[in-house]
1. I'm checking my understanding of the structure. Among residues of the stretch 77-108 that are exposed (fewer than 15 other Cβ atoms within 10 Å of the Cβ) and among the basic types (Lys, Arg), which one is nearest to residue 22 (Cα to Cα)?
2. One residue is enough: does the stretch 61-74 have a residue meeting the conditions under 19 Å from residue 192 (Cα atoms) and assigned to a helix (DSSP H, G or I)?
3. Just wondering, is there one or more residues in the stretch 183-191 that are at pLDDT 95 or above and among the polar types (S, T, N, Q)?
4. Please go through the stretch 120-163 and give me each residue that is over 16 Å from residue 51 (Cα atoms), outside any helix (DSSP H, G or I) and charged (D, E, K, R), ordered by number.
5. Of the residues that sit in the stretch 168-192 and are of a type in the set (S, T, N, Q) and outside any loop (DSSP other than H, G, I, E, B), which one is nearest to residue 157 (Cα to Cα)?
6. Name every residue in the stretch 18-38 that is aliphatic (A, V, I, L, M) and either over 23 Å from residue 101 (Cβ atoms) or over 14 Å from the mean Cα position of the chain (by Cα) (or both), in order of residue number.
7. Applying the selection to the stretch 94-119, what residues are part of a helix (DSSP H, G or I) and touching a residue at least 40 places away in the same chain (Cβ under 8 Å)?
8. Name every residue in the stretch 113-128 that is surrounded by 21 or more Cβ atoms within 10 Å (Cβ to Cβ) and modelled with pLDDT under 95, in order of residue number.
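The values are calculated or read from the model by the stated rules, or taken from the named source; none is laboratory data. This structure is a prediction, so every number in the text was calculated from the model and none was measured. Cβ coordinates were reconstructed from backbone atoms using ideal geometry, including for glycine residues, and neighbour counts include every protein chain displayed.
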Amino acid sequence: MVTVNELARDPEVVTYLRSANAMMKALGYTEHGERHANLVANIAHNILERLDYPVRQADLAAIAGYLHDAGNLIHRDGHPLASALLGREVLMRLKMPLEEVTLIMGAIGNHEEPNGVAVDPIAAAVIIADKADVHSSRVQNYDPKTFDIHDRVNYAVQRSFVRVDGDNKTITLELDIDTTLSSAQEYFEIFLTRMVMCRRAAQFLGCQFALTINGNRLM
């Protein structure tokens, strides 16, 4: 069976992710390379594992999470479609069963706002995992004087953690933000649509979604 660890060692996938991040950095975006891919894969797997979904389903969520942004190497616009198609080529080369490939393609193709939809548990987990990655380590602009709002908000986040409570059916994004660098209001200015998307994805998984910033529940 194809695993996310196998993909992380695959020269084609490594090149895709590094090229995608180089493109995003050149355009002034936060990090979208191997760090982001690994984190999204781990969170997506953890969500389904803690909600007692089958092991292979959690594995597929991790694979979808790892490949979901590869299409940025072509263009930011339409990157979910490009990522799904690039992922298909890789997974078919690795002889993954077509039934699994199609699930991964659907999850990748539905991960981005405003049109992404949690069409199945894999897609739901990838949506939450992707939108939860806001952190200072994503900032690729090293001059604070030239930060845009995305750089500023990410740079201010010192801790980001997705807590999954399978017993109480809750998924909580916990953020610690240095409010001397950015405010909670700025966070909502750029992430509100993403949090709504997370709420809907959590509902698909039979859970409530919550957001806490500096210990205060805001959603």
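1. Among those that are exposed (fewer than 15 other Cβ atoms within 10 Å of the Cβ) and among the basic types (Lys, Arg), it is 93.
2. Within the stretch 61-74, none of the residues are under 19 Å from residue 192 (Cα atoms) and assigned to a helix (DSSP H, G or I).
3. Checking the stretch 183-191: not a single residue is at pLDDT 95 or above and among the polar types (S, T, N, Q).
4. Those that are over 16 Å from residue 51 (Cα atoms), outside any helix (DSSP H, G or I) and charged (D, E, K, R): 133, 143, 148, 159.
5. Going residue by residue through the stretch 168-192, those that are of a type in the set (S, T, N, Q) are 168, 170, 172, 179-180, 182-183, 185.
From what is left, the residues that are outside any loop (DSSP other than H, G, I, E, B) are 170, 172, 185.
Values: 170: 22, 172: 16, 185: 13 Å.
Ranking the candidates gives 185 first.
6. Initial filter on the stretch 18-38 (aliphatic (A, V, I, L, M)): 20, 22-24, 26-27, 37.
Those that are aliphatic (A, V, I, L, M) and either over 23 Å from residue 101 (Cβ atoms) or over 14 Å from the mean Cα position of the chain (by Cα) (or both): 20, 22, 23, 24, 26, 27.
7. Across the stretch 94-119, the qualifying residues are 100, 103, 104, 107, 108.
8. Answer for the stretch 113-128, where residues must be surrounded by 21 or more Cβ atoms within 10 Å (Cβ to Cβ) and modelled with pLDDT under 95: just 116.
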